[in-house]
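Please read the structure below before turning to the comments.
Since every read-out is calculated from the coordinates, none of them should be taken as a lab result. Bear in mind the structure is a predicted one, so any value in this text is a computation, not a measurement. Counting neighbours? That spans all protein chains shown, and the Cβs are built from the backbone with ideal geometry, glycine included.
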Ligand code: WTA
């Protein structure tokens with residue numbers, strides 16, 4: 001695809017879209033220029049979208065210098081995030097729906113929770129947490145299905161100054177235990193079970209497996225969702241519905257500092273175990289609210305649906321904090337796109353008259369594969385805008401989304417961002433930019449992207465260039481540290497390219513100066529829009545008694561974007577077999593969770609290593625991609641014949 005072609009294929013916004021938009025082309029240009037020329041002035045003004053208890057005087061105090069990295073925004077201001085998401089709306093929109101909840105089974109009743117009801121529910125949850133001894137700065141792990149209580153729990157923590165760490169309900173007991181341990185949580189909030197796609201995950205059982213024996217000081221607060229039988233850890237477990245009856249539905253919000261942590265969210269990196277990304281209160285909220293309003297062109301009265309799970313950052317910023325800070329109506333969906341059938345997303349859009357819909361390319365590809373009839377049966381006339389996030393979207397899926405779902409009239413915002421960035425970093429804006437299928441396109445306000453030469457680290461100027469993507473300066477939604485390990489924070493993001501935030505992604509700037517994300521340049525793979533560290537899967541595999549060594553790489557996968565390809569060397573005396581393959585697959589699922597399930601396991605009598613013992617992943621990636629012509633120089637390998645064996649057995653994997 002040449003740059004000329006891509007700009008010819010651009011989709012300009014219609015006059016209607018431009019007329020309604022918060023930001024048109026001229027405004028984008030002038031606002032962007034102002035945000036770069038005078039960040040202090042720009043963000044001082046934008047921060048007024050949040051209610052401060054004590055106004056800040058200092059906008060920012062930032063240093064990206066290795067050894068001295070610190071990031072502070074609005075640091076002497078105070079606020080309460082939950083009060084911003086709830087209380088300040090009560091006078092004007094107390095009876096407006098804050099959350100529409102759509103259950104897994106379409107035959108069950110959807111809920112419409114008003115801002116007033118949200119207030120009372122969040123206060124109750126906050127008081128229950130207090131009664132369990134949770135206070136400012138304490139950590140609470142939330143391991144819940146996509147039910148309103150997940151939002152109540154997050155906001156209840158914010159209200160009392162506790163720090164939440166949401167763990168995706170698809171993670172295994174081991175992964176949950178590691179996260180409870182990692183942040184030294186006082187309480188875990190869970191449910192009896194999690195219905196999803198017509199099947200139930202026994203969440204409380206998972207919690208029991210995670211906590212029994214090792215965590216006798218951790219209380220578990222259990223929300224009743226399915227009514228199934230659950231095993232109790234004696235006095236350590238409390239039913240939420242019982243505790244909620246004993247407390248008041250009023251709980252004054254704590255006055256928090258702008259830089260007090262709001263949440264920890266574990267995410268995968270290229271080395272070691274997942275790290276706890278820390279976001280703080282003031283800057284994060286300003287950034288989540290601003291991006292939700294501007295990127296999606298949200299207006300009062302719109303129904304906004306982000307189909308992510310609250311276990312991921314997308315759910316934090318665009319189901320809970322961003323929309324609620326803006327007084328929006330946000331839709332929360334418990335189920336999956338294909339249950340009861342592949343029309344579910346579109347049925348939900350019709351039923352609740354959704355105006356903005358935000359999902360992941362993997363879901364679009366999966367639904368595209370089911371055929372257009374599943375879309376055509378639903379009335380999608382309420383839709384005004386579509387969004388995607390999580391991985392590069394291929395033009396074919398983009399075009400299908402645009403034509404079949406959006407009927408050619410909904411701008412598509414392809415939003416590039418990360419758990420670390422708190423909110424959108426690059427995206428076209430619906431009323432300002434002619435979109436190009438597959439391009440994240442333009443930096444958001446205040447974001448200064450640079451393309452660097454990966455080898456020299458030099459800034460690559462001009463257009464029609466490619467390299468690694470770094471951000472030159474801070475923005476309010478930036479993560480502040482890795483929980484308990486600031487040195488790891490500095491090393492991961494600020495050591496490779498001095499003075500910049502390194503994203504871990506590669507990118508291209510086309511002839512028009514628009515950005516295209518080309519994917520991770522580190523050992524992180526992107527499976528169905530979920531980040532997975534290859535090191536994590538490797539350490540799960542080698543923890544199995546029959547495995548001597550393992551190397552894991554990503555390979556192209558039609559639906560998932562990338563699949564997980566594992567090269568496994570067995571212990572002496574172990575015989576490869578299909579049964580063992582299944583055993584290892586199940587093992588990884590139980591160590592991490594179903595999302596880490598290996599797609600391919602290839603038996604490898606040896607792995608390609610340099611003479612110093614370093615595994616040559618480049619070669620393993622090429623073999624996994626079936627690209628044997630481009631293996632490059634194998635002469636530095638300790639034993640080059642290993643490669644021949646791997647190629648020969650590629651087909652059998
Ligand atoms: C990838 C999700 C291309 C990227 C919000 C990034 C994307 C990682 C896009 C972060 C996009 C996210 N186009 N790639 N629009 N959005 N990515 O932390 O590789 O789960 O580094 O945050 O997803 O994933 P995370």
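Convex hull volume of the Cα atoms of the range 146-238, normalised per residue: 95 Å³. With neighbour counts taken as other beta-carbon atoms within 10 Å, the residues 136, 650 rank, fewest first, as 136, 650. Taking the convex hull of the alpha carbon positions in the range 350-442 and averaging its projected area over all directions gives 6.0 nm².
Under the classification rounded if a/c is under 1.5, otherwise prolate if a/b is larger than b/c and oblate if not, where does the range 30-78 fall, given a ≥ b ≥ c as square roots of the Cα gyration tensor eigenvalues? Note, shape of the range 30-78 comes out oblate.
Taking 0.36 nm per residue of separation and subtracting the Cα-Cα distance, full extension of the segment from residue 639 to residue 49 would add 206.3 nm. Each principal axis of the range 69-206 carries a Cα extent, and these read 47, 40, 32 Å when sorted largest first. Gyration tensor over the Cα atoms of the range 400-506: the corresponding equivalent ellipsoid has semi-axes (square roots of 5 times the eigenvalues, largest first) of 29, 17, 11 Å.
Using 0.36 nm per residue and subtracting the Cα-Cα separation, the extra length available between residue 373 and residue 407 on full extension is 10.8 nm.
Taking label points 7 Å from Cα along the Cα-to-Cβ direction, residue 91 and residue 460 give a separation of 5.3 nm.
For the range 513-653, the alpha carbon positions stretch 57, 39, 27 Å along the principal axes, listed from largest to smallest. Let a ≥ b ≥ c be the square roots of the eigenvalues of the Cα gyration tensor of the range 344-394; is it rounded (a/c under 1.5), or, if not, prolate (a/b larger than b/c) or oblate? It comes out oblate by the Cα gyration axes. Globularity index of the range 1-160 is 1.42 (Cα radius of gyration / 2.2 N^0.38 Å, N = number of residues). Once divided by 2.2 N^0.38 Å, the Cα radius of gyration of the range 214-332 becomes 1.33.
An oblate overall shape is assigned to the range 270-369, the ratio a/c of its alpha-carbon gyration tensor axes (a ≥ b ≥ c) being 1.5 or greater and a/b not exceeding b/c.
Here each label is just a point 7 Å from Cα along the line to Cβ, and for residue 418 and residue 612 those points are 2.5 nm apart. Residue order for 429, 380, fewest other beta carbons within 10 angstrom first, comes to 380, 429. With a Förster radius of 41 Å applied to the beta-carbon distance between residue 27 and residue 107, the computed FRET efficiency rounds to 0.35. Placing dummy labels 7 Å off each Cα toward the beta-carbon, the span from residue 590 to residue 65 is 5.2 nm. Relative contact order of the range 1-160, taken over Cα pairs closer than 8 Å and 6 or more residues apart, is 15 percent. Dimensions of the chain from C-alpha coordinates, computed as largest minus smallest value along each principal axis and given longest first, are 73, 63, 57 Å. With the convex hull drawn around the C-alpha atoms of the range 470-538, the volume per residue stands at 134 Å³. Put in order of Cβ neighbour count within 10 Å, fewest first, the listed residues 42, 304 become 42, 304.
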